[in-house]
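Input: a single structure, listed below in structure tokens.
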Amino acid sequence: MITDDIAEFATALPSMSALIGLDLGTKTIGIAVSDTFLSVASPIETIKRTKFTADAEAVIKHINARAIGGLVLGLPRNMDGTEGPRCQATRAFARNFARLHDLPITFWDERLSTVAAEKALLEADTTRKRRSEVIDHVAASYILQGTLDRLRHLKG
């Protein structure tokens, strides 16, 4: 199931399962996971993109290693809210991934997530080299945390 509706996504999630969030870049994929209470997103790693099959296998490795019940993909909308080529590529990744794994998939507007991650890393006085190593999975955790906060709001 692939949906833009976060409420529909919430109803498809198994109880006590974590979520995995991805920041899909053209060269890398940032990966973050939540706890099973769906309260906190933690950055895990950034993988270098190669071919879709290898990228998907790397993500599935994390899914299988944890109690993952759903997948959140950052959707890189344009600042005016429209969807460009990068959004189309993200939606294509979701469709292809859905053929390999039956997790519910949703999208989260990722505008400014990398900016927020960069700001947090600068405030933490992270070196430029270290920032470039971690920015994508920190951005993935911002994407996932936004989703978790929205899910909590739906329940409350």
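The values are calculated or read from the model by the stated rules, or taken from the named source; none is laboratory data. Remember, predicted model here, so these are calculated numbers, not experimental data. Here the Cβ positions follow ideal geometry from the backbone for every residue, glycine too, while neighbour counts run over all protein chains shown.
The set of residues in the range 71-101 that are surrounded by fewer than 15 Cβ atoms within 10 Å (Cβ to Cβ), modelled with pLDDT of 95 or more and touching a strand residue (DSSP E or B) at 6+ places or on another chain (Cβ under 8 Å) contains only R95. Return yes or no: is T50 within 15 Å of the chain's Cα centre (by Cα) and under 19 Å from A140 (Cα atoms)? Answer is no for this residue.
Of T106, T147, which residue is assigned to a helix (DSSP H, G or I), surrounded by 13 or more Cβ atoms within 10 Å (Cβ to Cβ), modelled with pLDDT of 90 or more and among the hydroxyl-bearing types (S, T, Y)? Lay out the reasoning, then the answer.
Numbers: T106 fails: assigned to a helix (DSSP H, G or I).
The unique qualifying residue is T147.
Within the range 1-21, being in a strand (DSSP E or B) and either in contact with a Leu (Cβ under 8 Å, 6 or more places away or on another chain) or of a type in the set (A, V, I, L, M) (or both) holds for I2, A18, L19, I20, G21. The single condition among (1) at pLDDT 70 or above; (2) in contact with a Leu (Cβ under 9 Å, 6 or more places away or on another chain); (3) surrounded by fewer than 19 Cβ atoms within 10 Å (Cβ to Cβ) that I68 does not meet is (3).
T3: of a type in the set (S, T, Y), without any contact (Cβ under 8 Å) to a residue 12 or more places away in the chain and within 17 Å of L103 (Cβ to Cβ), yes or no? Criteria not met by T3. A single entry from G70, G30 fulfils the requirement of being within 16 Å of Q145 (Cβ to Cβ) and touching a Phe, Trp or Tyr at 6+ places or on another chain (Cβ under 9 Å): G70.
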